[in-house]
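Engineer: Got a structure here, written out as structure tokens. Questions coming.
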Amino acid sequence: MDSSDWELEELEAAFQEKVGAEKRIEPKDWMPDKYRQTLIRQMSQHAHSEVVGMLPEGNWLTRAPSLKRKTILMAKIQDEGGHGLYLYSATETLGISRDEMFEQLHSGKAKYSSIFNYPTLNWADIGAIGWLVDGAAITNQIALCRCSYGPYARAMIRICKEESFHQRQGYEIMMTMAQGTEEQREMAQDALNRWWWPTLMMFGPNDANSANSAQSMKWKIKRQSNDDLRQKFVDATVPQAEFLNLRIPDDKLKWNEERKHYDFGEIDWEEFKAVVKGNGLCNRERLQARVEAHDGGKWVRDAALAYARKKESRKAKAA
Ligand code: BYC
């Protein structure tokens, strides 16, 4: 072992001690390369999920059932775009450029949440996304508010506040439909049937198969395991479904008095893997929409850059 190895070991030990003492890591602090890479991976994927996540809901903007519903949905979608922007900015503090992140998304190298590869077929799907998808996102993101990396943790605090409004608006749509006509109730049930299992997949593979969890927990990037968060979500959501008088599509779902948790059935991991690999119902459509939006926006970026350069050169001349 030469002196640089010693030095690295000492730096790593000091880093782990700092993390263990619940001190936040900030962009200019020393960090192990793998910590940086893990954060870039997770945070950029999270940012992409927010931005791709605008697409399934955008599908219903022109067909929202009232002006009130349309304005609420528009505000929610804009919030998701904003979340993407905070997260891209927070990820840039780790030394990757936004262009590189977009390149990774557009080439299919970077992942985004599997959930956004499912279609939104009826208006109740917008309720189900708010209730279930945002509900699952909050469950996961509350834990991330205590992430060891400062910029990520701070972004999460604001995002969680906005997500909780999204979750409530989704639940309110479900309640309206569940208490509406028989046809509306059936639409709400149909949406729950289609979104339940994909929502459970959002939390990622079971702990035993989660490649990144052990190290991410040690570094306090992740504070709770995939399975613990999934269980938390199920426990919180079952009574909400009961209140709506809707049935969760799982015959194995049952309260376990001993564990004080709901038992639930096995996720179809083959479906999860297929969706993550790019073979879900909407993967191609989603990526194509993002690439077209990026290409179509080039003139706006060029114009903004030309304006900024002109302003700079005027300033320099005046000085
Ligand atoms: N989909 O070792 P694991 C929102 C990948 S959007 C796709 O457990 P990790 C909203 C995982 O990346 C909120 N891929 O990974 C927006 C890994 O592959 P790589 C989205 C998944 O990172 C609009 C591999 O599987 N939230 O709120 O320790 C409208 C092994 O997994 C998925 C976030 O992004 C998946 N579901 O844990 C409405 C939260 N699950 O990267 C709402 C931030 C796993 O090694 N992310 N994979 O090639 C996280 O908390 C963690 O990354 C995860 C996975 C819990 C998702």
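The values are calculated or read from the model by the stated rules, or taken from the named source; none is laboratory data. Source: prediction; values computed, not measured. Reconstructed Cβ throughout: ideal geometry from the backbone, glycine too, with neighbour counts over all protein chains shown. Accessible surface is based on the protein model in full, side chains and every heavy atom, while ligands, DNA and RNA are left aside. Shrake-Rupley method; radii C 1.70, N 1.55, O 1.52, S 1.80 Å.
Engineer: Just want to confirm a number: the relative contact order over segment 177-282, from Cα pairs under 8 angstrom separated by 6+ residues, in percent.
Structural biologist: 24 percent
Engineer: Here is a follow-up. When the Cα centres of segment 1-62 and segment 143-197 are compared, how far apart do they sit, in Å?
Structural biologist: 26 Å
Engineer: Could you rank 273, 109 by how accessible they are, 1.4 Å probe, largest area first?
Structural biologist: The residues order as 109, 273, largest area first.
Engineer: With r as the distance between the Cβ atoms of residue 228 and residue 98 and R0 = 41 Å, compute the FRET efficiency 1/(1 + (r/R0)^6) and round to 0.05.
Structural biologist: Calculated value: 0.80.
Engineer: Is the shape of segment 105-190 rounded, prolate or oblate, going by the alpha carbon gyration tensor and its root eigenvalues a ≥ b ≥ c, with a/c under 1.5 for rounded and a/b larger than b/c for prolate?
Structural biologist: Since a/c reaches 1.5 but b/c is at least a/b, the shape of segment 105-190 is classed as oblate.
Engineer: Suppose every K and R has +1 on its Cβ and every D and E has -1 on its Cβ; what is the size of the dipole of segment 38-105 about the Cα centre, in Debye to the nearest 20?
Structural biologist: For segment 38-105, the charge dipole is close to 520 debye.
Engineer: Continuing with the same structure: Tell me whether the chain comes out rounded, prolate or oblate; compute the Cα gyration tensor, take square roots of the eigenvalues as a ≥ b ≥ c, and use a/c under 1.5 as the rounded threshold.
Structural biologist: Judged from the Cα gyration tensor, the chain comes out oblate (a/c at least 1.5, b/c at or above a/b).
Engineer: Another question, then. Among all the lysines, which ones have a C-alpha under 19 Å from residue 18's C-alpha, if same-chain residues fewer than 8 places away are not counted?
Structural biologist: 28, 34, 218, 220, 222
Engineer: Would you mind counting up the charge near residue 192? Only other residues with Cβ under 14 Å from its Cβ, with Lys and Arg at +1 and Asp and Glu at -1.
Structural biologist: -2
Engineer: In addition: By the scheme Lys and Arg +1, Asp and Glu -1, what is the net charge of all other residues having a beta-carbon under 14 Å from that of residue 306?
Structural biologist: Here the count lands on +4.
Engineer: Per DSSP H run of at least 4 residues, take -39500 (n - 2.57); add these up for the chain, divide by its residues and hand me the 222 nm value, nearest 500 deg cm²/dmol.
Structural biologist: -21500 deg cm²/dmol
Engineer: Using Cα pairs closer than 8 Å and at least 6 residues apart in sequence, work out the relative contact order for the chain, in percent.
Structural biologist: Once divided by the residue count of the chain, the mean separation gives 18 percent.
Engineer: Same structure, new question: Out of 91, 55, 73, whose Cα points farthest toward the positive end of the dipole of segment 1-97 (charges: +1 Lys, Arg; -1 Asp, Glu; placed on Cβ)?
Structural biologist: Sorting the options by dipole projection puts first 73.
Engineer: Separate question: Going by Cα centres, segment 223-241 and segment 242-291 are how many Å apart?
Structural biologist: 12 Å
Engineer: Here's a follow-up. Between residue 305 and residue 184, take the C-beta separation as r, use R0 = 35 Å, and let me know the FRET efficiency to the nearest 0.05.
Structural biologist: With a Förster radius of 35 Å, E is 0.10.
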